[in-house]
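Trainee: The structure is given below, and queries will be raised subsequently.
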Amino acid sequence: MTATPRTYWLEHAWLGAHVEPGVAVEVRDGRVTAVRPDTPAPPPGAEVLRGLTLPGLANAHSHAFHRALRSTVQVGSGTFWTWREVMYATAGRLTPDTYHSLARATYAEMALAGITTVGEFHYVHHAPGGTPYADPNAMGEALIEAAAEAGVRITLLDTAYLSSGFGQPPTTHQLRFSDGDADAWAQRCSVLKERDHARIGAAIHSVRAVPAEQLATVARWAEERRAPLHVHLSEQTAENDACREAHGCTPAQLLALHGVLGPRTTGVHNTHLTAEDIALIGGSGTGTCMCPTTERDLADGIGPAAALQNEGSPLSLGSDSHAVIDLLEEARAMELNERLRTRTRGHWTAAALLRAATADGHAALGWDDTGRIEAGARADLTTIGLDSVRTAGPLPGLGAETAVFAATAADVRHTVVAGRHVVRDGAHTLVPDVPGALAQAVEALRA
Ligand SMILES: [Zn+2]
């Protein structure tokens with residue numbers, strides 16, 4: 001955090017609705033104190049950010065350990081359910097130390113991709129077999145520490161994961177995810193402390209993983225703390241079928257019945273919904289986190305993001321399984337998926353897609369004062385180079401369209417979190433060799 005005031009000069013800045021050339025941003029104690037457009041040249045002593053500067057990007061859905069699966073899971077065929085077996089095998093090998101190393105490297109990759117806040121949907125709580133560690137939150141603490149070392153903010157969405165299906169106990173692989181019941185989950189989570197860079201939120205893994213009569217316990221825990229509450233929702237049709245069989249209703253209806261839906265709740269994926277589900281989710285102000293690169297990677301299907309938003313559901317974006325980590329790709333994929341499905345173009349403007357990747361993503365993670373370049377907001381900035389082979393040559397004023405529809409994570413030049421350069425000129429300032437750290441952490445988890 002910068003104790004002394006500092007001025008950043010943004011060659012181009014996205015100020016929420018449009019791109020302004022020449023903007024000075026003053027920062028003190030990690031927050032923006034003033035934004036001055038019409039500043040054609042850098043003021044003396046200003047830190048210059050060439051390119052297009054956006055508010056920091058929010059990755060609203062992450063499972064850090066899935067980074068170890070990249071490429072490995074691309075061999076062969078199958079479905080979500082066969083992919084899950086490979087994922088469980090990796091989860092089974094994690095320890096607090098190996099998870100810390102992998103998460104630190106993965107979050108450093110995120111910082112290089114311009115991500116300033118990660119929402120970690122965390123359920124690998126205990127040792128294999130389900131025995132708690134000496135510190136029952138050793139795994140969550142490892143993730144919070146990893147985010148600090150990688151220079152990003154984290155919302156630890158501590159996840160209740162208690163059953164393998166409706167009326168079924170956890171499988172062997174899932175024992176380390178489970179606290180036994182929702183009261184024990186709440187007791188463990190209540191010990192976790194928030195810090196400058198870390199918020200604590202709650203998650204329900206899915207309606208498969210938390211018995212219906214215990215859903216309200218998790219919802220109440222989040223409500224009492226005004227904390228974000230996330231839930232995987234209708235990612236697979238098999239979940240819908242099993243829910244109907246067990247409860248005679250859809251997963252969204254079951255969540256509504258038990259008080260889970262609401263403005264601080266985010267449904268992740270929201271893929272296979274009925275028209276009534278969409279009205280329930282939108283009407284309650286429940287958010288939707290789309291993870292398009294994962295949803296296509298896992299052959300999930302295309303969720304009705306446009307219809308959900310029309311009904312009142314704010315949209316956020318996540319890289320989820322980390323098949324790739326690129327929030328710009330997530331943003332454009334949401335629009336491009338909708339084009340493929342409808343055979344029409346222009347469902348979201350670049351500005352609307354950037355809002356999902358910034359302000360609305362942060363709000364979904366409980367960082368309401370983050371994700372905007374304005375006085376009072378946290379000083380989190382992401383600068384996209386406009387001079388790469390991908391981004392050179394846009395018409396003046398079309399920087400946002402270039403960033404969303406042509407740039408990739410490789411075009412991120414600077415990432416500033418709380419007024420501190422975490423990435424400068426494409427290099428991480430805290431983790432010197434991010435590819436090396438990733439390779440080492442993934443290697444340590446090989447069978
Ligand atoms: Zn997920």
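The values are calculated or read from the model by the stated rules, or taken from the named source; none is laboratory data. Predicted model only: the values in this text are computed from it and were never measured. Glycine gets a Cβ as well: all are built from the backbone with ideal geometry, and neighbour counts include every protein chain shown.
Trainee: Taking the stated definitions as given, is residue 107 outside any loop (DSSP other than H, G, I, E, B) and closer than 25 Å to residue 180 by Cβ? Walk me through it before giving the result.
Mentor: Values: outside any loop (DSSP other than H, G, I, E, B): yes; closer than 25 Å to residue 180 by Cβ: no.
No; evaluated as a whole, the condition is false for this residue.
Yes or no, residue by residue, for (1) surrounded by fewer than 16 Cβ atoms within 10 Å (Cβ to Cβ); (2) in a loop (DSSP other than H, G, I, E, B); (3) at negative phi:
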| residue | (1), (2), (3) |
| --- | --- |
| 121 | no, no, yes |
| 193 | yes, yes, yes |
| 210 | no, yes, yes |
| 214 | no, no, yes |
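Trainee: Oh, and also: Looking at 84, 93, 176 in this structure, which one is over 29 Å from residue 404 (Cβ atoms), charged (D, E, K, R), assigned to a loop (DSSP other than H, G, I, E, B) and over 18 Å from the mean Cα position of the chain (by Cα)? Give the steps one after another, and end with the answer.
Mentor: Numbers: 84 fails: assigned to a loop (DSSP other than H, G, I, E, B); 176 fails: assigned to a loop (DSSP other than H, G, I, E, B).
After ruling out the rest, the residue left standing is 93.
Trainee: Which of the residues spanning region 294-303 are of a type outside the set (Asp, Glu) and crowded, with 22+ Cβ neighbours inside 10 Å?
Mentor: Quick first cut of region 294-303, residues of a type outside the set (Asp, Glu) only: 294, 296, 298-299, 301-303.
Within region 294-303, 294, 298, 303 meet the criteria.
Trainee: For region 275-282, does any single residue satisfy the condition of being within 16 Å of the ligand (Cβ to nearest atom) and out of contact with any Lys or Arg (no Cβ under 9 Å at 6 or more places or on another chain)? Break it down stepwise before answering.
Mentor: From region 275-282, those within 16 Å of the ligand (Cβ to nearest atom) are none; that's our starting set.
There is no residue in region 275-282 that is within 16 Å of the ligand (Cβ to nearest atom) and out of contact with any Lys or Arg (no Cβ under 9 Å at 6 or more places or on another chain).
Trainee: Here's something else I'd like to know. Output yes when any residue across region 241-250 is at pLDDT 95 or above and within 16 Å of the ligand (Cβ to nearest atom), and no when none is.
Mentor: Checked region 241-250: no residue is at pLDDT 95 or above and within 16 Å of the ligand (Cβ to nearest atom).
Trainee: Does any residue in region 386-405 that is on the phi > 0 side of the Ramachandran plot come within less than 7 Å, Cβ to Cβ, of a residue that is not in a helix (DSSP H, G or I) six or more places away or on a different chain, and which pairs are these?
Mentor: So the pair list comes out as 397/19.
Per-residue answers, yes or no, for (1) in the same structural domain as residue 146 (by TED's automatic domain parsing); (2) of a type in the set (S, T, N, Q); (3) at pLDDT 95 or above; (4) over 19 Å from residue 281 (Cβ atoms):
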position: 179; (1), (2), (3), (4): yes, no, yes, yes
position: 190; (1), (2), (3), (4): yes, yes, yes, yes
position: 200; (1), (2), (3), (4): yes, no, yes, yes
position: 232; (1), (2), (3), (4): yes, no, yes, no
position: 257; (1), (2), (3), (4): yes, no, yes, no
position: 269; (1), (2), (3), (4): yes, no, yes, no
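Trainee: State whether one or more residues within region 312-321 are away from the ligand (no atom under 16 Å from the Cβ) and over 19 Å from the mean Cα position of the chain (by Cα).
Mentor: For region 312-321, residues away from the ligand (no atom under 16 Å from the Cβ) and over 19 Å from the mean Cα position of the chain (by Cα): present.
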